[in-house]
1. On the given criteria, is A586 touching a strand residue (DSSP E or B) at 6+ places or on another chain (Cβ under 6 Å), part of a helix (DSSP H, G or I) and among the small types (G, A, S)?
2. Only one of L696, L680 is farther than 25 Å from P497 by Cβ and either open to solvent by 10 Å² or more (accessible area, probe 1.4 Å) or modelled with pLDDT of 95 or more (or both); which?
3. Could you list all residues from the stretch 185-199 that are among the polar types (S, T, N, Q) and at positive phi?
4. Please work out which one of (1) more than 28 Å from the chain's Cα centre (by Cα); (2) at negative phi; (3) modelled with pLDDT of 90 or more is the condition A475 fails and give its number.
5. For the stretch 188-234, how many residues meet the condition of being aromatic (F, W, Y), closer than 15 Å to P262 by Cβ, out of contact with any Leu (no Cβ under 7 Å at 6 or more places or on another chain) and surrounded by 23 or more Cβ atoms within 10 Å (Cβ to Cβ)?
6. Check whether at least one residue in the stretch 652-671 is under 25 Å from T450 (Cβ atoms) and under 27 Å from the mean Cα position of the chain (by Cα), and report yes or no.
7. Just to check your reading of the model, which residue among A586, A670 is modelled with pLDDT of 95 or more and either over 25 Å from Y557 (Cβ atoms) or surrounded by fewer than 23 Cβ atoms within 10 Å (Cβ to Cβ) (or both)?
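The values are calculated or read from the model by the stated rules, or taken from the named source; none is laboratory data. Because the structure is predicted, anything quoted here is derived from the model rather than measured. Here Cβ is always computed from backbone atoms with ideal geometry, including for glycine, and neighbour counts include all displayed protein chains. Remember, those area values only see protein heavy atoms, side chains included, never the ligands or the DNA or RNA. Shrake-Rupley method; radii C 1.70, N 1.55, O 1.52, S 1.80 Å.
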Amino acid sequence: MASPRIRPARGAGFGHTLRNLFLFVILVLALAAAATVGLVYWEITTNLPPVDKIAQYRPPVATQVLADDGTVIGEFYFEKRYLVPIDRIPAIVRNAFIAAEDDGFYRHGGVDPLSILRALINNVAAGGKVQGGSTITQQVVKSLLLTPKKSYERKLKEMVLAMRLERQFTKDEILYLYLNNIYLGSGAYGVAAAAQEYFGKNVEDLTLPEAALLAGLPQAPSRYSPFRHWPRAKARQRYVLDRMADVQFVTHAQATTAAREPIALAPRKGSFIAAPYYVEHVRRLLEERYGESALYALGLRVHTAANLAMQHAAETALHDGLVELAVRQHYAAPIRHLEPNEVESFLHSQKAALEGRGPERNRSYEAVVVALPTTGKGKVISTTVRMQVGPFHGMLQPPAATNGSRPDPLRIGDVIRVRLAETQGNDQTYEFVRDPEPPEQGAMIALEPTTGNVKAMVGGYDFDSSQFNRATQSARQPGSAFKPLVYAAAMDRNFTPATIIVDEPISFQDNNSIWTPHNFENKFFGPTTLREALTFSRNVVTVKLATRVGVKYLVKYIKHLGISSPLAPNLSIALGSSEVTLAELASAYSVFANQGRRAEPRFITKITDSQGNVIDEPAPQVEEVISPETAYLITSMLQSVVQRGTGKRAAALQRPTAGKTGTTNDLDDAWFIGYTPQLLAGVWVGFDEKRTLGKLETGGHVAAPIWLHFMEQALENEPILDFPVPDGISFVLINPHTGQRALGGGGFLECFKRGSEPAAVAAQPVTAAVAPAPEHEIASDVD
């Protein structure tokens, strides 16, 4: 019997078909999604940069310029960065950044979904972005391998590369890249540069509050800058400290204490931290050798001969000397006057600029007069002028002598320019001196004669106002400061310090005109020894000496001493008519100070790369250019200049000293070059344009006191030494009026090259004293 045929219900067959269709659609969609994901993944990963490219990454690193004691005095960079190994970065610094940016750093594989979710919640709760979702690894990928452009595609690439990076690099290697490359504002890249920029410290010395402040910057370095937005920076610091406590890097008590600790911000100094003219000159030398791109990116450490104590002494001496000159010639009037309702807003604007730090030395500030000397009931109650610069109060020191002029009277509300005095009060009370911003300029250079090491250099009154270096870039007429070079040439042409030349009227044909040199006193002194002529800067004797030596020989000889500037081949060069720089004239004088050997001025002593490997270590370049005997004769004659001649102000140094003043026509330029056995320094003062310094402002009156002020400080702890006497020198008593051997004792003990001593004996004994020095002198008298 056949079994009955069973047919499915109509409704059941339709449901089955619908299920199959649904499954089919799901399958198609899944395949499509998989294909889309695969396509997207293929699109994203096809052109991804290789992760191992990071291993070859060499970020630009700042080049540092160091003084002779290793102190950093300048930096050159495209990006201010110092690479430091991870083990030199303290745990407190590493933990601060991890807590703020990626507390799961040591747990995740490059991407942290929980961190992204938490950041989203915190940002929504705060109503703005306070936390990022990217891991530290993602941030490294973004900064080193991708562009900062925001897009979903870039974010996906970032995640893929972050996971690949985690497979090829250790966590510490990734953290090293992050902490050395992250931008932290104010031009600082990496924690080491930021530690110096914000706190003036090495990264190893950062405290917990300072580390937390830095760790709060990556989100928005400009917005949270402690220099510009202190309240925001503090709020961000507190957030970082709370995060550190939450993840148990510190206790909550430690976080609370750290948030309350005061923080001292370092003054913002830019590339030129100290000795700006010196550093800029070094930059020029390096750029000539290595090129700009290498100089600003290779991370060189450039050791120099600069001595910070001497540099400070030079800057102070020149600054004070120019201010004193300005006071003598034109005491500065107040910049402007503020009404009582204007004073508060003026001081408030200054307070913002000085937030977190006080006034700095050697910088000018605009100060408001807030109180004047007062009297009451016939008695003087106060003799003090009180000033205010932003939040800082101070007293104004009385001015130096003003050469007969009186300073402008001050009123409460007057704004004058001041700077810090050397002597300071306590706490927030300062002592100020007026800073009249002299229109005059000056320059100074100091070097060791034996090595050529340039220990200090100042190229002008204020580097911020003018970067033109008047020590190396400005060629001026040296006037009588040039004469020792002429006398040296004569000593090598069989002249001696006792040679007699008659000081008398003389004229020379100069093309179609007549040139008649004359002495400053408009007098003539008859028979004169060369020592006396140089001591008292006799122009006529010097010109007659040049005629006997010969101009052609003179030019060649002076070039041999190290003068590289063009020299006009005429007699006027004997009086300093040809322009030279202060640096090359000082270098020429160093030949006399160094027993006839010329040491090339040396600024750079060693260069190393960022790993400490020595790239260059230039030795002193020293060569003998004249005999030790000739050098000693000039030194001895220049000692007379200081002891009783035009440079007698330098005798206050109270140690063996040789030097020469120089003053040009119309008192446009004032010079003094002087030296001891250990140190040589040169000073120039004048206007950038040709104009007179003022009545009686000669080299002896203007430049020599600046030189003396510097040398007193520079040699304070140095032994007193005599100039060495070469074996080929002999001493003979002579009659200073005739240059012959003295008769019957007495006379002047003169030095000679052995074999050049005078044979003749004076007919009369010495009865008259050596002529006194004139009160003032003009060392150049040229058309």
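1. Yes.
2. Sole residue among the options that is farther than 25 Å from P497 by Cβ and either open to solvent by 10 Å² or more (accessible area, probe 1.4 Å) or modelled with pLDDT of 95 or more (or both): L696.
3. The answer is S186, and nothing else.
4. With (1) more than 28 Å from the chain's Cα centre (by Cα); (2) at negative phi; (3) modelled with pLDDT of 90 or more applied to A475, the lone miss is (1).
5. Here the count works out to 0.
6. yes
7. Values: A586 fails: either over 25 Å from Y557 (Cβ atoms) or surrounded by fewer than 23 Cβ atoms within 10 Å (Cβ to Cβ) (or both).
When all the criteria are applied, what remains is A670.
Residues are listed down the side, and each one gets a yes or a no for (1) crowded, with 17+ Cβ neighbours inside 10 Å; (2) closer than 28 Å to A583 by Cβ:
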site: E437; (1), (2): no, yes
site: T451; (1), (2): yes, yes
site: L485; (1), (2): yes, yes
site: I501; (1), (2): yes, no
site: S507; (1), (2): no, no
site: S513; (1), (2): no, no
